[in-house]
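The values are calculated or read from the model by the stated rules, or taken from the named source; none is laboratory data. Treat the numbers as computed from the prediction; the structure is a model and nothing was measured. Neighbour counts are summed over all protein chains in view; Cβ atoms, including those assigned to glycine, are modelled from backbone coordinates with ideal geometry. Note: accessible area is taken over every heavy atom of the protein model, side chains too, but ligands, DNA and RNA are not part of it. Shrake-Rupley method; radii C 1.70, N 1.55, O 1.52, S 1.80 Å.
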Amino acid sequence: MYLALLVIFLQCSELYSQKRVFTFNTVDIKVQPSVKVKNGAPLSITCHADISKSTDFQLKHNFTVFKDGKLVFMTVSDKRDARYEIPVARSSDTGDYECTVEAGGKTKSSNSLHVWVTGMTKPILTAEKKEVLEGEVVKLRCELPEEVPPLYFFFRKMKMNSTPKEKSVFESQRNFSVVEFPVEEGDNILQFDCFARRNVKLEFESSEHSKKTLVTVREPFIKPTLNVKPSSNITEGDRIQIECSTVVARMRDIEIILQKNKTILNSVRDEKLLKYSAVATLEDSGEYQCKVEQGRASKTTKLNIVVSELFPKPILAASVIKLDENKELTLSCSINGFQKANFSILRKNSNADIWLKNSKNLTMRVNVNDTGSYICKAEVKGIVKESKPVTINVYAPVSKPTLSVVSGLPEVVLGKSLLLICRSVMGTPPITFTFYKGNKIKETVVNDTYATFLDENIGQNDKGGYRCDAKNNHSSGMKTSNILNITVIVPIKNASLGSVPYGEVEDGSETVFLCSVKEGSWPIRFRIFRKTDREVLLFEKNENAHRVVWRREAMNRQDTGTYYCMASNRANVDVKSHPITISVILAAWQKGVIAAFVLILIAGAVTLTLWWLLCKKKKAKGPSMEMSGSALATNSPNEKLTRQHNDGDYYSGSGYIEGSENHMKSTDESKAPVQKGTETVYSEIRKANNDSVENRHSRLQGHPDAT
């Protein structure tokens, strides 16, 4: 019975749960009156949940409203709608709104909806002071209490008959901003206002302008007065007096400054009057400025002064500006239309001008040290004027140039470049150097004391004819160097090594080596090396020839190895020959001694063997041999012949002699010259043998048997 009741209860629970099934269809968000409303108007945001149910049952809904991802409203209701009311909308309510509904463990959100509250509240502007002095600052504060940052603030300073001055400030964290405006000279009654802007969906929206704020300005001192005496017809030599004065309310920190073309002439502090006096010159003409400063306040008065010329600048004339040394030079100083003046002639110097003479004219015999700039000065009524400088150049003649090779020796390797230098020890620069190769001009260089010339890719025929000329502005003209002849060094080419005999050499015999080159300038340094486990220098000699012969008189087994030669000259390039291999073998007589010794050993062994056999046979036969003595005596000659014939099977004297002769013949044949490539090497060696008898004792190095 209990089991039946349990089954019935479970079925009823299942039927009850099936009746409470629901699902979200959509969640919508709506704005009234519209998504774009004016600042100050009411705003209503409604969230609606569209839900399907299996039966009609009560369901609690949790409504949440977000603006720009931040929670702004939340409520719980059994209804399917919830409303978020904003009685007075402000620009801060602008943003993206989204609604989320949660019920029975299920959640669904609406799409995002952008709401724009147009217009901004009017900013409030306040000034720290209503009255200020020139040079002070006006501190302003602009605020929008009902707006939220970020905001852009704009401040304006306005005065009569002037364009407003504007300052802007960006505030990212606060809804107000503070700025300062300086009070400048000429400011009297000032007006200020401000407004703000914000960025909504990449569009700027501006607020109204604030109410204007009035600020009055007082002068701390009056504009200065600038006077000059005499007031007109000022001529060079006159004394001028300049006065600058002002009226100040407070003397503390007052300063008066007199300037001409931004150059300060005089200044006073904590005084109302400035004086300046000077003897007028033509350079004193110009605009003068008197400036009064106190704190940030500044007032300026300007005055233009014209000084008439008493006399023009003198003119210095030279009889000639380029001349040879030991020639005469005349300098003359004059003033157009003016004769009565005190003249002096000077030479310019970096430290101080050098006085030469108090006169209009100067005549002197010059040398090279007199090269330089000259001026003359004229003085009238205490006014001194200076002429424009005149440059005089005095020339010493060039000396005969010398032409040489920069590297030192007058030689060059074939195909390389040749760098020449032409130098003239004496002569006033600039000097013009001209290089010749044969009769052709190759290059012209202007320099002080020397010049260089690079002749590239020297050929075998470029051996001489180099020269250079040098000249300057001296009247003596051109000087020519001696002709420079050049030695062209031909590098070594194709070294080769040969020997007689070639390949195999008998112990104790003589070997002749020939090292030769195809071409190359003399002298040539020849070296012959032997290479076994290390390289050994055997022979070295400098020759004015393309070949060298070296005789090695007594070869031994230690001389077996690989030989090569190296040749070089002043081109400093070592050229190595192909290696040749020399093997030192036994001489014929050494082979004969060894063969005889071996044959003797073999004959002795055979004799001992025969003796042993005879002794053994005698012991075995005994008396029978005695009984047959006559028979043996009768047959002994034939047996002897037979034994001698059998002994020939062990040793044949004639066979050995034949072999020895054949071996000696082969050895002698091996001593004959072996051809290496062609017959050229042998003919060279034969020729060298005849030409080099006196050189048999050439210097040898690096080998213990070299002597």
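Taking the Cβ-Cβ separation of Gln339 and Glu255 as r and a Förster radius of 35 Å, what is the calculated FRET efficiency to the nearest 0.05?
0.10
Can you compute log10 of I(q)/I(0) for the stretch 493-603 with the Debye formula, treating each Cα as one identical point scatterer, at q = 0.17, 0.22, 0.23 Å⁻¹?
Debye output, listed in q order: -0.79, -1.12, -1.19.
Provide the gained length on full extension for the span Leu586 to Lys302, in nm with one decimal, where the gain is 0.36 nm per separating residue minus the Cα-Cα distance.
Taking Leu586 through Lys302 to full extension adds about 89.9 nm, to one decimal.
Sort 248-254, 411-417, 525-531 by the packing proxy (mean of other Cβ within 10 Å over each peptide's residues), most packed first.
Descending mean neighbour count gives 525-531, 411-417, 248-254.
Cross-link candidates for Lys108: which aspartates and glutamates have Cα within less than 12 Å, leaving aside residues fewer than 8 places away along the same chain?
In chain and number order, the partners are Asp28, Asp50, Glu98.
At a Förster radius of 60 Å, what calculated FRET efficiency corresponds to the Cβ-Cβ distance of Asp50 and Lys212, to the nearest 0.05?
0.60
Determine one quarter of the surface area of the Cα convex hull of the stretch 137-293, which equals its mean projected area, and express it in nm² to one decimal.
Convex hull of Cα atoms, orientation-averaged projection: 13.9 nm².
Multiply the residue separation of Ser407 and Thr225 by 0.36 nm, subtract the distance between their alpha-carbon atoms, and state the gained length in nm to one decimal.
Values: separation 182, 0.36 × 182 = 65.52 nm, distance 7.95 nm.
Going from the current span to full extension adds 57.6 nm.
If you plug each phi of the stretch 261-267 into the Karplus form 6.51 cos²θ - 1.76 cosθ + 1.60 with θ = phi - 60°, what whole-Hz ³J(HN,Hα) values come out, in order, with x for Gly and Pro?
Values, residue by residue: 6, 6, 9, 6, 8, 6, 7 Hz.
Show me 102-109, 167-174, 607-614 ranked by packing, highest mean number of other Cβ atoms within 10 Å first.
102-109, 167-174, 607-614
From Cα pairs below 8 angstrom and at least 6 apart in sequence, can you work out the relative contact order of the stretch 130-252, rounded to a whole percent? Working shown, then result.
Numbers: 231 pairs, mean separation 31.2, N = 123.
RCO, the stretch 130-252: 25 percent.
Would you kindly calculate the translational diffusion coefficient of the stretch 397-455, applying Stokes-Einstein with the Kirkwood radius from alpha carbon pairs, for 10 °C and a viscosity of 1.306 mPa s, and quote it in µm² s⁻¹ without decimals?
My calculation gives 130 µm²/s for D.
Can you give the extra length, in nm with one decimal, that the chain gains between Leu614 and Ile483 once fully stretched, where that is 0.36 nm per residue apart less the Cα-Cα distance?
That pair, Leu614 and Ile483, stretches by 36.6 nm at full extension.
In the structure shown, do any of Lys348/Lys400; Lys322/Lys442; Lys139/Lys165; Lys360/Lys471; Lys70/Lys139 have a Cα-Cα gap over 25 Å, and if so which?
Check vs 25 Å cut-off fails for Lys348/Lys400; Lys322/Lys442; Lys360/Lys471; Lys70/Lys139.
Measure off 7 Å from each Cα along the Cα-to-Cβ vector at Leu71 and Asn369, then give the distance between these two points in nanometres to one decimal.
Reported label-point gap for Leu71 and Asn369 is 10.2 nm.
Quick check: convex hull of the Cα atoms in the stretch 246-372, volume per residue, rounded to a whole Å³?
On the way: hull volume 21.0 nm³, N = 127.
Value for the stretch 246-372: 165 Å³ per residue.
Suppose R0 equals 56 Å; then what is the FRET efficiency for Lys275 and Asn393 from their Cβ-Cβ distance, rounded to the nearest 0.05? Spell out each step's value before the answer.
Working: r = 50 Å, r/R0 = 0.90.
The formula returns an efficiency of 0.65 here.
Order these peptides, 214-222, 427-435, 472-480, by their mean beta-carbon neighbour count within 10 angstrom, highest first.
My ranking of the peptides, most packed first, is 427-435, 214-222, 472-480.
Can you work out the accessible area per residue across the stretch 475-616, with the rest of the protein chains kept in place, probe 1.4 Å, in square angstrom?
Here the residues of the stretch 475-616 average 52 Å² of exposed surface.
Run the reach check for Lys619 against lysines, Cα to Cα strictly under 23 Å, same-chain hits fewer than 8 apart removed. What comes back?
Of all the lysines, those that pass the test against Lys619 - Cα under 23 Å, at least 8 places apart if same chain - are Lys640.
Could you give the nm distance between label points at Ser285 and Leu601, where each point is 7 Å from its Cα heading toward the beta carbon?
The answer from the label model is 13.2 nm.
In Å³ and rounded to a whole number, note down the convex hull volume per residue for the Cα atoms of the stretch 406-494. Display every interim value, and only then the final one.
Values: hull volume 8.0 nm³, N = 89.
Hull volume normalised by residue count: 90 Å³.
Quick check: pseudo-label points 7 Å beyond the Cα along Cα→Cβ at Lys139 and Asn62, how many nm apart are they?
Placing both labels 7 Å along Cα→Cβ, they lie 5.1 nm apart.
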